[in-house]
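Below is one structure, written out as structure tokens, with a few remarks after it.
FYI, it's all coordinate maths here, none of it is from the lab. Keep in mind that what you see is a predicted model, and the values were worked out from it rather than measured. Note: ideal-geometry Cβ built from the backbone for every residue, glycine included; neighbour counts use all protein chains shown.
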Amino acid sequence: MDELSVAMKARDFIAKCGPLALPVSVDAYAAQVGGTVKQEVLQENEDAWSVRLSNGKYRICVNCAHDSRRQRFSVCHEVAHEVLGIAADHTSPRWSFARRPPGEIACDVFAAELLLPFKVFKPRVDAVDMNFAAISGLADEFDASLTSTGSRFATFSRELCAFVLSEGGKVRYCARSTSLRDARAWVRTGMDLPSDSYSARVRAGVAVSGPEQAEPDQWFEDWERDGVFYEDVRHLGAWDQTLTLLWFDDEDLPPPRSERKRWEEETFGLRELDGKLPWPGKSKRRK
């Protein structure tokens, strides 16, 4: 089952739950599948478990030692198992992206859609600036984790942007906006964090100081385009996870360097040099 199919199933499920208020009620989601939520003492790395009882009720037990946002995601994840009919496979901890089973990833996608519903999340993404402070603000509004919020922020943004999750200094996941995918910007899963990148420095202990200008060819494979490029970062030391927001400060990117000369000649013909760059681009620096 691909991510789009999972997301559409989640949106259908949300529609059955009635009007949405923020932050969304995970208890209402559980009730929709005949479930109740209970906090219990579980093993340290165990997020939750669920079972359909003989009386038909669906019981969801979450780890009372975890913070409220992690518990909210866990409830939605267990609802996803029931709605999607996917058996649980918790052989690896949920916070780890290194060896996540496909069924668990599908339930994570479903859970993120429940916590950050497209219908109300997308307009907010369009209204805020491009930086991690905006992601943090949305995470507070929706009572969701930075990881879930950042991933969906990049996915639904109109800008040329990407959200990258690294674990142990290696890239494990990347969400890209449609425009960045169309530009064929690709962050390779498994690559090391660029050694001199802002993200690597923050992981090593440097304090976050706001967005920094960066080089796109540090991050994107076989990248041959110019453009003003920025990087913002947060590091989650408890899990050695680095969250990186990458974006271009332009509405349009120039063509690849290998195609630029031909593109300029076809577009402008021979012209007198005037010191002005001919390729399109509209700066929209975000602070």
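Observations
- Proxy reagent accessibility, fewest Cβ within 10 Å first, across Glu167, Glu44: Glu44, Glu167
- Out-of-range pairs (alpha-carbon distance over 21 Å; input Lys9/Lys119; Lys9/Lys170; Lys122/Lys170): Lys9/Lys170; Lys122/Lys170
- Listing Met130, Met8 from fewest to most neighbouring C-beta atoms within 10 Å gives Met8, Met130.
- With neighbours defined as other Cβ atoms within 10 Å of a residue's Cβ, the residues Val51, Val171, Val33 order from fewest to most as Val51, Val33, Val171.
- Residue-span extension gain [Asp240 to Asp27] - 0.36 nm each, minus C-alpha spacing: 73.6 nm
- Space enclosed by the convex hull of the alpha-carbon atoms of region 124-248, per residue, Å³: 95 Å³
- In straight-distance terms, cross-link reach from Lys16 covers every one of the aspartates and glutamates whose alpha-carbon lies under 17 Å from its own, apart from those fewer than eight places away in the same chain; here that gives Asp27, Glu82, Glu113.
- Measuring spread by the Cα atoms of the chain yields a radius of gyration and Dmax of 21.3, 82 Å.
- Around the amide H of Gly35, modelled in the peptide plane, lie the amide H atoms of Tyr58, all under 5 Å away and 5 or more residues distant in sequence or on another chain.
- Cα pair distances exceeding 20 angstrom across region 100-154, given as percent: 21 percent
- Most fluctuating residue given options Cys107, Cys64, Cys174, as computed from a GNM of the chain linking Cα atoms under 10 Å: Cys64
- Taking all Cα pairs closer than 8 Å and separated by 6 or more residues, the relative contact order of region 124-248 comes to 26 percent.
- Calculated [222 nm] ellipticity per residue, helices only, for the chain: -11500 deg cm²/dmol; basis is -39500 (n - 2.57) per DSSP H run with n ≥ 4, divided by all residues, nearest 500.
- Computed E for Asp217/Asp140 - FRET, C-beta separation, R0 22 angstrom, nearest 0.05: 0.05
- One decimal place: the segment Asn55-Asp89 gains 9.8 nm when fully extended, by the rule 0.36 nm per residue minus the C-alpha distance.
- The convex hull of the Cα atoms of region 3-115, projected and averaged over all directions, covers 7.0 nm².
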